[in-house]
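J.: Submitted below is the structure of interest, expressed as C-alpha cells.
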Ligand code: B12
C-alpha cells in the first residue's frame, strides 16, 4: 500500500490541531496556566493555547488546551485486529440458533473483582439493551445469566459450569493501577488451572477494551464503547457454530 501520511484535522487538512484536557496538581492562576502551556510544548506540540482553566479542588486545576501537534503518521502502516463477524439482527440471530444450533444458547456474564460498574454489562445483557438494540435477556433462544458486579472469578466459573455456558462475558471498567489487567488475567489463569480454557467462548469488554487487547489477554474477542448486544450475540453464535463444524470435521477424520 502506498504511503498515506496523516496528522489531526482542525481548521484545515493535516494542520495537526489537537484539543487536550488534563489536570495538574497546582493551584489555579496565571502560573498554573503557564505551566500547562509549557507542559504541552514538551509533548511535541507548538502554538499552544490554554483555552480553559478551572480549579477542581485545592491544589488541582483542570485545563483544556489547543495546540498544533508536530508528528505525522503513515496510515498505510496501521494494522489492527477487528472482530470479524457478519452483523445479524435480533430475528436472524434467534432463527440461526433455533435452526442450526437446535438448542438454546447459554451465556453468563459479570463484572469481576472489586469493580462495581454494572452499566456496561447490563447494556449488553439486560432486557432493555442499549442504543435501541435489545439486550441478550430479550432473545427467546438465549438463556442469560447476569451476575452483576464484584463477582469473584471462582463464582463466575462455578455459575458457567452450572448453567453449561457456551460463552462467558467479563466486564471491567476501572483501570486504576491496571486493576482490569490483573482481573482479566486472573480469570484466564483460573480457567487454565482447571483445564477449562477451551470449553467456553471468552469475551472481554469495557471502556478501555479493544479486540487487540483482548487477544493479548488470551480472550477470544474484545468489545469496547458503543458495542450493542446484537454484535455480541452475532459473534457468539457465529463462533459456536464454527467450533462445532470444526469438531465435527475432526471427528469424521478420526
Ligand atoms: C456510572 C459510574 C459509576 C457508578 C457505577 C454504577 C453502576 N451500577 O455501574 C458509581 C457511582 C457506583 C461509580 C463508582 C466508581 N467509579 Co465510576 N463512573 C461511572 C461513569 C460516570 C459512567 C460509566 C458507565 O456507566 N458508562 C456507560 C456504559 C454503557 O459504557 P461501558 O461501561 O463502556 O460499556 C459499553 C462497552 O464498553 C461494552 N461493554 C462493557 N462491558 C462489557 C463486557 C462484555 C463482555 C462486552 C462484550 C461488552 C462490554 O458494552 C457497553 C455498551 O456499549 C464513568 C465516567 C464516564 N462518563 O464514563 C465513571 C468512571 C468509570 N468511574 C471511575 C471511578 C474512579 C470510580 C470509583 C473508583 C470512584 C471512587 N473513588 O469511589 C468508583 C468505583 C467503585 C468500584 N468499586 O468499582 C472512573 C474510572 C477511572 C479509571 N481509569 O479507572 C471513571 C472513568 C470516572 C472518572 N473519569 O474518573 N461509578
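J.: With the calculation restricted to Cα positions, what are the radius of gyration and Dmax of region 15-109 in angstrom?
T.: 24.4, 68
J.: Would you kindly state how much longer the chain becomes between residue 46 and residue 186 on full extension, computed as 0.36 nm times their sequence separation minus their alpha carbon distance, in nm to one decimal?
T.: Using 0.36 nm per residue and subtracting the Cα-Cα distance, I get 46.1 nm.
J.: Going out from 0 in 10 Å bins, what whole percent of all Cα-Cα distances in region 89-182 drops into each bin?
T.: 17, 44, 29, 9, 1
J.: Give me the percent relative contact order of the chain, please, defined on Cα pairs under 8 angstrom at least 6 residues apart.
T.: Computed over the chain, the figure is 17 percent.
J.: Using just the helices of the chain, give the 222 nm mean residue ellipticity in deg cm²/dmol: DSSP H runs with n ≥ 4 each add -39,500 (n - 2.57), and the total is spread over all residues, rounded to 500.
T.: -10000 deg cm²/dmol
J.: Would you mind calculating the gained length between residue 177 and residue 254 on full extension (0.36 nm times residue separation, minus the Cα-Cα distance), in nm to one decimal?
T.: That pair, residue 177 and residue 254, stretches by 22.9 nm at full extension.
J.: For a label point 7 angstrom out from the Cα of residue 87 toward its Cβ, which stretches of region 117-138 have the backbone nitrogen within less than 19 Å?
T.: Counting backbone N atoms under 19 Å from the label point, the list is 123-125, 129-136.
J.: How many nm is it between the label spots at residue 4 and residue 164, if each spot is 7 Å from the Cα in line with the beta carbon?
T.: Between residue 4 and residue 164, the label points sit 4.8 nm apart.
J.: Further question: If you line up the long axis of helix 153-162 against the longest principal axis of the chain, both from Cα atoms, how many degrees apart are they, to the nearest 10?
T.: 30
J.: Also, I was wondering about something else. What distance in nm separates the two pseudo spin-label positions at residue 55 and residue 199, each 7 Å out from Cα along the beta-carbon direction?
T.: Once both label points are built, they end up 5.8 nm from each other.
J.: What percentages, rounded to whole numbers, describe P(r) for the chain computed over all alpha carbon pairs with 5 Å bin width beginning at zero?
T.: 1, 6, 11, 13, 13, 12, 11, 10, 9, 7, 5, 2, 1, 0, 0, 0
J.: How large are Rg and Dmax for region 128-227 when calculated on the C-alpha trace, in angstrom?
T.: Rg, Dmax (Cα atoms, Å): 13.5, 40.
J.: Using Cα atoms only, what is the angle between the long axis of helix 179-193 and the major principal axis of the chain, expressed in degrees (0 to 90) to the nearest 10?
T.: Helix 179-193 and the main axis of the chain meet at about 20 degrees.
J.: To continue, here is another question. Answer rounded, prolate or oblate for region 182-249, using the Cα gyration tensor with square roots of eigenvalues a ≥ b ≥ c: rounded when a/c is under 1.5, else prolate when a/b is larger than b/c, else oblate.
T.: In terms of gyration-tensor shape, oblate.
Read-outs throughout are calculated quantities, based only on the coordinates presented, and are distinct from any laboratory measurement. Given the structure is predicted, the values throughout are model-derived calculations rather than measurements. Counting neighbours? That spans all protein chains shown, and the Cβs are built from the backbone with ideal geometry, glycine included.
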